[in-house]
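These notes are about the structure you will find just below.
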Amino acid sequence: MGPLISQGYINQEWNFVIALLLGVAFGYILEASGFSSSRKLAGVFYGYDFVVLRVFMTAAMVAMIGLVYFDHMNWIDISKIFILPTFLTSVIVGGVIMGLGFIMGGYCPGTSFTGVAIGKLDAVFFTAGLYLGIFIFSTAFPLIEGIYYGGELGPVTVMETFGISRELFAFLFIMATLMAFFVVSLVQKRVKKIEV
Amino acid sequence: MKNLEERSKQYLNPYFGGVLLGLLLLLTVYITGRGLGATGAIKSSIVTAVDRVAPTYAENQAYYSKFLSDDHHPMSNWLVFETIGIFVGAFLSGLIAGRVKKFRIEHSPKITPKTRLIFATLGGMLFGIGSQFGRGCTSGAALSGTATMATAGFLAMMLIFGSGYLFAYFFRKLWI
C-alpha cells in the first residue's frame, strides 16, 4: 500500500506536517549521535572517530533491508519510489567536490544545521558557505550546464548497473558494511586518541 | 559542573543511532516515496530570493527557472518543512543533553578560530556547489540514494567519502 502519499492514503495537506515531524526526528537523531560536532565527523578521515561511518552505514543497511522486506511483503510498491537519476559526469564532479568540502569544512549540510541549532559558530559559517556555493552554482549554470547534464543514464538502480538482484545487492552491501565495522574497530585501536 | 560537562559528551551508541536513522528513512520512504534531504531547502530559498529580486532573470535562466512554476511557490516545498524540523529536533536533543550553549567555535587546538571559520565557509561553499552537481548531498543523494539502490546514490556515497580520504592528508593540520 505504500508509498502512502503518492497512493492517496494521506491527504496532501498533511504532507507538510509530516515533513516537519520527520525532520524533527532526523535532526534529533543526528544531534544525539554526535553529528553536531565537526571534529567528531572529521574523525572518520583520520581514524580517531568512526561515528560517521557507523551511523551512516547502519542507517543505509537498515533502510535497505527494510525496503527489500516491505517489497517482499507487498507493503510498498517499489516501482513508485523516487530513484535519483544518474548523470555520470555530474555525480563524479559533484561527489569529488563534496568530499573536498567535507574535509575542509568538517560538516555536511544536514549535520551543519544540527551544529547551528546548538550554537556552533563554525556551523553557521559552513551553512552560509552552502548558500554562497548554491548561489554561485545557480548563477554560473549556463557555463556548467554541459557537466550537469553529462553522462545521462536515467533513473537507473544498482540492480541494472551491476546486473544483480535487489536481494543479492542488499546481501553484498551488508557483508561489506560488517567488514567495514570490523576493520575500523581495528584501526581505531591503533590511532592516537583525540579528545573532542 | 563536571557532571554537566561529562553529560554533554555522551552520545547515542552509533549503531543504535544508525538503526534509528535507518528506521526513520524507511518510514519516510514508506510515507512519501522519497528519502530525507538537507540542501534542497537552501536551494529553494535561493531560488525564492533571486526570483524576488530579479524575476525576469530568474524566469529566463536555465537553472532558476527549473524550480519556478506558476502553480506553487518554491518555498512550499517538502524539504523546506523537513529542514525546519531538523533545526527543531537538533535543538531539542542538544537541550536535553546540555549541549545548547551560546555561540562558540569548535576547532582543533592547533588552529586559530579564524582559520576554522575560513575553512568552514570554504568547505560549505564547495559542498553547496558539489551538492548541485550531485543532485543531492550526503542525506538526499548518498544516504537516501543508497538505501533506495539508485546507482547515482551509491556513486555519490563512494565518491564523497573517497574524495574525503583522498584530500584528508592535505588538510590534516585542521583536525589532527
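Any read-out appearing in this document is the output of simple, stated calculations on the displayed coordinates, not a laboratory observation. Just so we're clear, the structure is a prediction, and the values are computed from it rather than from any experiment. Cβ: placed from backbone, ideal geometry, glycine included. Neighbour counts: every protein chain shown.
Here are some notes:
- Kyte-Doolittle mean at least 1.6 and Cα axial length at least 20 Å: DSSP H helices in chain B: B:14-32, B:78-97, B:151-168
- Protection proxy ranking, peptides A:8-14, B:31-37, A:87-93, average beta carbon neighbours within 10 Å, highest first: B:31-37, A:87-93, A:8-14
- Each peptide in A:67-77, A:48-58, B:119-129 receives the mean, over its residues, of other Cβ atoms within 10 Å, and ordering these scores from highest gives B:119-129, A:48-58, A:67-77.
- Peptide A:79-90 is shielded by partner chain Cβ atoms: per residue, an average of 6 of them sit within 10 Å of its Cβ.
- Euclidean distance of C-alpha centroids, the stretch A:166-196 and the stretch A:1-33, integer Å: 30
- Under the span-like rule (Cα at least 30 Å along the axis, Kyte-Doolittle mean at least 1.6), DSSP H helices of chain A: A:51-72
- Of the Cα atoms belonging to the protein assembly as shown, the radius of gyration and Dmax stand at 19.6, 59 Å.
- Mean per-residue shielding of peptide A:170-177 is 1, counting Cβ atoms of other chains within 10 Å of each Cβ.
- Cα-derived Rg to Rh of the stretch B:37-100, Kirkwood definition: 1.17
- Residue-averaged beta-carbon neighbours from other chains (10 angstrom radius) around A:12-21: 5
- Note on chain A: with a GNM built from Cα contacts shorter than 10 Å, the maximum mean-square fluctuation among A:Gly163, A:Gly34, A:Gly150 falls on A:Gly163.
- Among B:161-171, B:19-29, the order from most to least packed when residues are scored by Cβ within 10 Å on average: B:19-29, B:161-171
- Distance from the stretch B:98-175 to the stretch B:27-70 (C-alpha centre basis), Å: 22
- Its alpha carbons give the stretch B:107-176 an Rg and a Dmax of 14.1, 42 Å.
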